[in-house]
Every structure is written in structure tokens, then in C-alpha cells.
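Encoded as C-alpha cells, the structure appears first; notes follow it.
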Amino acid sequence: MVLNLLEQEGIQGRVDGEYLPGGVGELQAIDLVRVMVDESDYERARQVIREWEAIQVEKEESATHKSTGILPVFISGLVIGGGLVFWAYNTPVTEDGMDLNRDGVLDEKRIYRDHRISMIEVDRNFDGKADVVYHFDRRGVVKEAEHDDNFDGIYETKYRYIYGQPHVQESDLDQDENIDYRALFKYGILDEAVILGEGRDLRKKRKKFRMGKLVSAEYDSDGNGSYDIEYEYGHFEEVEKQSSIIPRQNPDIP
């Protein structure tokens, strides 16, 4: 966190011993973690740290009405006590991105926590508003995403990911707070999609895909909960065969 605090002030540096506190168990981590800066930035960096510490002390005293003290900070370059490591895991630190259309505005914005990617916001239609947001776990692996595919400012589609690959897509296309389109993926490849009726319409259609192409479908034409029509599709996804699905008879009923 301190390193990123300095970077916000235009001071470049690096962290030494970042992972050592995890290996010392219950021992204090003082003098193990160090933030190193150029000698020419040394005095300015010390001043930034002093000002930051003063703010933290004021906040803590106003919340607890008592002084809790601060771990000693020994500076060699800049040496930061291991106690600050905890803060780093809970503080948004940096933000960067890409200006895809070169208009001076970031169209893809990346947000990091403790040097780990936390979220990516994408403006696909360059209107200044994010219409896709990706969320990442602590390992930096995408876990879910929100899409505004009609660019009206409402995220109507959500994706859930497994091992960084899309697993389930759910969309509320008419924005009535009910899912009316659901897609399932296998290893990131579209496998099945279900279209659900809107409002009181109980009809539904289930489509099967192979390598992204529509190959078959089942349709519940009367909305009774059972698929009654089956379709098979050709190379150009035209209907090659349509047949009725006969409901299975209960063997216990003569």
C-alpha cells in the first residue's frame, strides 16, 4: 500500500521481502519488508510517509478515543514495518487501462488491489460509460461479469465463470427481474441455451450447439412444462427435420 501511495505522488520504487512475513509464523515482521526508492526521492518519500501516518493516527484516535501506537519504521532506502502488509490487502491501490479509440479517455479500465487485478471495466461503444464489468478473485482469475448489451445503462446479462472460463449466462432481456435466457457452456464453449417466455407466457425452447453451431432444439409450444416439438438443423442452421415428441407413458398406469 505504501509503495502505491508513493507512486501516486510520482515516486517510483519497489518492495523487498514482500513474502517473508508469511514464513515467520507468530514473529513480528519488523525490518523484513522494505520499500526501496531512489536516493534522490528519499527525503520526499519520507515526508509522504509521515503525512500518511499522521492521518492514520488521527483516524484511529477519533474512532477508539485512545492511542494504540504505531510500529517503528526503520528506513534504509525506505523500510516499512510488516504491520503495513495487512493494510495492503484491503486497499485499492492503482488504476490503469487502454484508450482504444485514442480520444484521451480510457475505454478499458483496470483496477488493482495489492498489485492483483480486481476488476476491469470496458466501454465498448465509446460513450464514456462502462457496459461490461469483469470481477476477479484474489488469484486474479475472472469469476463473474456483467454485460449491458443494448447500451441502455442497465446490466441485463450476468456470466459466472469456472476456472476462468464462462460457465453460465443468465439474461433478463425485458428487464422484468425474471430470467428469460439462460446459456450453459462446457470448457468455455456454448453447449445449450434455453429461451423462456416473458411474463405469463410459459412456453420455452431449449437449443443444443456443437462447436458454436445450432444442431437441434426442443420446443414446449403450449407451455405445459414438457417439450412437444423437436427440430434438427442443417449446415446453415436451417430446419431439416421437425417431429413431435410423444410424452413417456407411466409404466405403472395401464
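Can you list the aspartates and glutamates whose alpha carbon is less than 12 Å from that of Lys204, not counting same-chain residues fewer than 8 positions off?
Asp180, Glu218, Asp220, Asp222, Asp228
Taking the Cβ-Cβ separation of Asp127 and Glu39 as r and a Förster radius of 41 Å, what is the calculated FRET efficiency to the nearest 0.05? Provide the component values of the computation, followed by the final result.
Numbers: r = 47 Å, r/R0 = 1.14.
E(calc), rounded to 0.05, equals 0.30.
Listed here are the pairs Lys143/Lys213; Lys158/Lys207; Lys109/Lys208; Lys129/Lys207; Lys109/Lys205; which of them are more than 31 Å apart at the Cα?
Values: Lys143/Lys213 26 Å; Lys158/Lys207 19 Å; Lys109/Lys208 35 Å; Lys129/Lys207 33 Å; Lys109/Lys205 37 Å.
Listed pairs above 31 Å: Lys109/Lys208; Lys129/Lys207; Lys109/Lys205.
Sort the following peptides by mean Cβ neighbour count (other Cβ atoms within 10 Å, averaged over residues), highest first: 171-177, 227-233. Numbers along the way, then the final one.
Details: 171-177: 13.1, 227-233: 15.7.
Result, highest mean Cβ count within 10 Å first: 227-233, 171-177.
Read-outs throughout are calculated quantities, based only on the coordinates presented, and are distinct from any laboratory measurement. All of these numbers come straight from a predicted model, not from anything done at the bench. Quick reminder, even Gly has a Cβ in these numbers, built from the backbone with ideal geometry, and neighbours come from all protein chains shown.
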